[in-house]
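Input: a single structure, listed below in structure tokens.
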Amino acid sequence: MRFAALVEQLQASQSWGDGDLEIQGIAAIDSASPGTLSYADSDRFSAQIQATQASALILPKNAALQQLATAQGIAWIESAYPRLTFAQALDVFYQPHQPAAQIHPTAVIDPTAKLGANVAVGAHTVIAANVVIGDGVAIWPNVVIYPEAQIGDRTLLHANCVIQERSQIGTDCVINSGSIVGGEGFGYVPTEQGWYKMQQSGYVVLEDRVEIGCNCTIDRPAVGETRLGHDTILDNMVHIGHGCTIGFGCAMASQAALAGGVVVGNRVIIAGQVGVANNVKLRDGSTVSSRSGVHHDTKPGQTVSGYPAVDHSIYLKSSAIYKRLPEMYQTLRRIKRHLGLD
Amino acid sequence: MRFAALVEQLQASQSWGDGDLEIQGIAAIDSASPGTLSYADSDRFSAQIQATQASALILPKNAALQQLATAQGIAWIESAYPRLTFAQALDVFYQPHQPAAQIHPTAVIDPTAKLGANVAVGAHTVIAANVVIGDGVAIWPNVVIYPEAQIGDRTLLHANCVIQERSQIGTDCVINSGSIVGGEGFGYVPTEQGWYKMQQSGYVVLEDRVEIGCNCTIDRPAVGETRLGHDTILDNMVHIGHGCTIGFGCAMASQAALAGGVVVGNRVIIAGQVGVANNVKLRDGSTVSSRSGVHHDTKPGQTVSGYPAVDHSIYLKSSAIYKRLPEMYQTLRRIKRHLGLD
Amino acid sequence: MRFAALVEQLQASQSWGDGDLEIQGIAAIDSASPGTLSYADSDRFSAQIQATQASALILPKNAALQQLATAQGIAWIESAYPRLTFAQALDVFYQPHQPAAQIHPTAVIDPTAKLGANVAVGAHTVIAANVVIGDGVAIWPNVVIYPEAQIGDRTLLHANCVIQERSQIGTDCVINSGSIVGGEGFGYVPTEQGWYKMQQSGYVVLEDRVEIGCNCTIDRPAVGETRLGHDTILDNMVHIGHGCTIGFGCAMASQAALAGGVVVGNRVIIAGQVGVANNVKLRDGSTVSSRSGVHHDTKPGQTVSGYPAVDHSIYLKSSAIYKRLPEMYQTLRRIKRHLGLD
């Protein structure tokens, strides 16, 4: 693609360089080869701008960086949000493979299932009774959809994921491979004869534009629903326990887990390997640092860290001192001796 | 269902209300609508009883709660174990979808496999050589059963789980979607040329009524067996390393993991995201708190917490003081200055 | 197999026992029955040698242990590395089931895919457009291989794993069941309208002899590659974030996770449930203890532990003192009172 066409497509406010320059692809600034477009976000990138082989860069409104690029003969495009513009440039050069909009003859589809227009159903995918599939849904091979599930328009199901009974999935969602939506919550009543299984008559709701990574599990509850709000995104191996309610615009990183009945507000960020205990409430805009274990409700906008999780400012101080515990212990002994308190 | 019929079916000792009242379903007390049955466990529920829209409640032997419900005109059923009775009521109103007891024509079943009576085999399920399937087994689609595995009567295999070679699964078990039973243990011998793979010639045994959540992994060992005792239940994403032995009636919550050769007694509770190191022994009735890392054997009935895990009473004290480390550090400096010890 | 033949096959330097002794299998020393071969590694095993029912043992060059076995009438084979020789003996007696080298008629293979010689493709496996499969590759049922992926000679894919688009897998690799190679990295740009998805145009490279356990996830990056070096092995449920680079001969235990862009050197050992933060570098030969959370680069050969991870020597001291925090706190109060500092 010509540089001039790219500038236009990305609606750049400012740019510099030869409009006829041919841009063939996208790369990271460190490993870019001639003919590629990359990006730089801040002054931290100046050394990389001097060393890069990229032919063009997306740059912030930063005169020093822009001059540096110009001096190197590197074409540039100005953006208020270089990383966002880089993502938009990726869309120009790359689209992931999609299954063709046809029903593969080996798919097994119950006659009571309703399929919308332009649906792709991959080989060996199984769609059970009374399932409703929206328009433009794309399903890779070996997916299993249990009875009465609903899949909204344009939602994408990757190979080998499972949508269990009565799950309600919105429009424009992505469920990646190996994830299980709507499995039974872990509900048992202890009795003298052993565990009495509590049937999970509830269901899972994923609102529009929810994206679920690979090998996640989102459980349905005994009664009621487990709900993920619109525009919420999960990384791989995230577990959502039965009866959780998650707001919109949240993100959960890899291997994070919510126990049962957790209530998560809007725009909450949960980092990797976090655990949140039963029925805890994470308020709007709060953040949980990686590997924290949360037993108490957070305040709106609060960042919590550690196990048990405390306010991040307290955590920072305590964890810094943790390394000094041996020194503190020795000091205490010395003082006790000094004072004759032993 | 008429309230009177429900009272009879649940074998209630006491009840109050119009026997002709029609109960249409089950709900949580907070979100119940008219015509539903819910439950309350203790005095903590009194505000909820006053606010609920439920038409009937399961209540403990608690005169105050029962009077409260009566005063609200809410029918009630007395139970010594309200949550258990609630689970029994769920059984009345709801049963999960089950695959029909037939062999789907797209299933691929080796001619040497033996299937019992009334077996359901879902679409595209593959059953390899010399597998033995008991009576009433129900298998969802896209399951793969490797050679020589055995599946006991009435066991339920959800879509896309894998039972690897020679696994022995008892009666009335549940293996949920995406779980892998009998995969190779992580056994390699370090050599100067790299890792030498130790073949895993052992196998996995799940005794009767074991339930495995979604996306779990239960590995077979180099020699001997990995065994889960009867009535033991696992949540999602639980990992059981090669050669572990788990007793009966245990429970492991989401993302908990046992390394190799761990020995777990009977009725042991392991909370979420716990890790247990190689060859540790968890004695009968012990409990491991969430996110703990256990390196030492527990005593019978002991609760351990933290990383490294210690007795819960010690953990509580130490973790409470963790937040005060900065204050302690400042105090120490002050004392040293005061004493001229710097 | 006759003991004499086994001695020859294992190329033992020394041995003792009746060459006609029939060895029928392999067992752990604790649970061995007559006719089996087991091993002992060190003096710690002397009691077990006295109690074992094994008919033959692999022993180190240790006169005391060898005399003990001889006195018990137990045949023995000497080895400088008994556990390695035990692994080699396992190869003699046991090989895991392999799918037959044929294309199952229910497999769905795109006409543009290229398959090598002697390839096994299991039932219902799906191979998409432009996939290249080497000689001797063995694929169990219900595997899905996305477009343009490459699978090297003799690589083994277990049932229900998924190889997503453009992944490049080397020779003699093993991908176990439920693992997802080449799924989209977790890349989104926050905007006022929500998360803008950054397409993941990169791909995953697994070099030769990489082994991946069950239910792992290895993500592809936005640009460039995610690479695992030759002879690197992963246990179950390991997560590798987008853009990570891992050297050769590394091992990662169950539920360990690398965030994005982590750089791991050669022969690095990462224990179970570890988390490594974005862009951290783990140098050659370093070790991360179980459940650690690593935020800072390690030095070559260093062992780090804890959260936040510190040098293991510091961790050992601090974690030992952790249990004494309540005592330290009381002592501090006592000193303050003594000095009138309250």
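The values are calculated or read from the model by the stated rules, or taken from the named source; none is laboratory data. Note that the coordinates shown come from a computational prediction; the quantities given were computed from them, not determined experimentally. Because the Cβ atoms are built from the backbone with ideal geometry, glycine has one as well, and the counts that use them run over all protein chains shown. Ligands, DNA and RNA are excluded from the accessible area calculation, which covers all protein heavy atoms including side chains. Shrake-Rupley method; radii C 1.70, N 1.55, O 1.52, S 1.80 Å.
General observations
- Single match in A:64, A:54, A:87 (criterion: surrounded by fewer than 16 Cβ atoms within 10 Å (Cβ to Cβ) and either on the phi < 0 side of the Ramachandran plot or touching a strand residue (DSSP E or B) at 6+ places or on another chain (Cβ under 8 Å) (or both)): A:64
- Matching residues in the stretch B:258-302 - criterion: being among the hydrophobic types (A, V, I, L, M, F, W, C), assigned to a strand (DSSP E or B) and within 11 Å of chain A (Cβ to nearest Cβ): B:269
- Restricting the stretch A:120-164 to residues that are more than 13 Å from chain C (Cβ to nearest Cβ) and at positive phi leaves a set whose member that is least open to solvent (accessible area, probe 1.4 Å) is A:136.
- Any hit, the stretch C:104-113, residues being open to solvent by 10 Å² or more (accessible area, probe 1.4 Å), within 14 Å of chain A (Cβ to nearest Cβ), within 30 Å of residue C:185 (Cβ to Cβ) and in a strand (DSSP E or B): yes
- Lone qualifier among A:293, A:241, A:306 - being in contact (Cβ under 8 Å) with a residue 40 or more places away in the chain and open to solvent by less than 10 Å² (accessible area, probe 1.4 Å): A:241
- Residue ID - nearest to residue A:81 (Cα to Cα), chosen from residues in the stretch A:16-45 that are open to solvent by 20 Å² or more (accessible area, probe 1.4 Å) and over 30 Å from the mean Cα position of the chain (by Cα): A:16
- Cβ-Cβ under 8 Å pairs, at least 6 apart or on other chains, the stretch A:159-172 side in contact (Cβ under 8 Å) with a residue 60 or more places away in the chain, far side in a loop (DSSP other than H, G, I, E, B): A:170/A:152; A:170/A:155; A:170/A:207; A:170/A:208; A:170/A:209; A:170/A:210; A:170/A:230
- Residue under evaluation residue B:99, criteria (1) touching a Gly at 6+ places or on another chain (Cβ under 6 Å); (2) touching a residue at least 40 places away in the same chain (Cβ under 8 Å); (3) open to solvent by less than 60 Å² (accessible area, probe 1.4 Å); (4) over 30 Å from residue B:127 (Cα atoms), criterion not met: (4)
- When residue C:193 is tested against (1) farther than 25 Å from residue B:164 by Cα; (2) surrounded by fewer than 24 Cβ atoms within 10 Å (Cβ to Cβ); (3) at pLDDT 95 or above; (4) within 13 Å of another protein chain (Cβ to nearest Cβ), just one condition goes unmet, and that condition is (3).
- Residue list for the stretch A:206-230, filter: among the β-branched types (Val, Ile, Thr) and open to solvent by 10 Å² or more (accessible area, probe 1.4 Å): A:223
- Residue count for the stretch C:244-257, restricted to those that are part of a strand (DSSP E or B), more than 9 Å from every other protein chain (Cβ to nearest Cβ) and under 11 Å from the mean Cα position of the chain (by Cα): 1.
- Identity of the residue in the stretch B:49-88, touching a Phe, Trp or Tyr at 6+ places or on another chain (Cβ under 6 Å) and aromatic (Phe, Trp, Tyr), that ends up farthest from the other protein chains (Cβ to nearest Cβ): B:76
- Residue selected from the stretch C:304-333 under the condition touching a Phe, Trp or Tyr at 6+ places or on another chain (Cβ under 9 Å) and among the polar types (S, T, N, Q), by the criterion farthest from the other protein chains (Cβ to nearest Cβ): C:305
- Whichever residue in the stretch B:179-190 is open to solvent by 10 Å² or more (accessible area, probe 1.4 Å) and closer than 24 Å to residue A:178 by Cβ and, among such residues, is nearest to the other protein chains (Cβ to nearest Cβ): B:186
- Which numbered condition residue B:13 fails, given (1) in contact with a strand residue (DSSP E or B) (Cβ under 9 Å, 6 or more places away or on another chain); (2) exposed (fewer than 15 other Cβ atoms within 10 Å of the Cβ); (3) without any contact (Cβ under 8 Å) to a residue 40 or more places away in the chain: (3)
- Residue C:77, sole failed condition from (1) among the β-branched types (Val, Ile, Thr); (2) touching a Gly at 6+ places or on another chain (Cβ under 9 Å); (3) surrounded by fewer than 15 Cβ atoms within 10 Å (Cβ to Cβ): (3)
- Filtered by the rule that a residue be touching a Phe, Trp or Tyr at 6+ places or on another chain (Cβ under 6 Å) and among the hydrophobic types (A, V, I, L, M, F, W, C), the stretch A:24-48 gives a lone residue, A:26.
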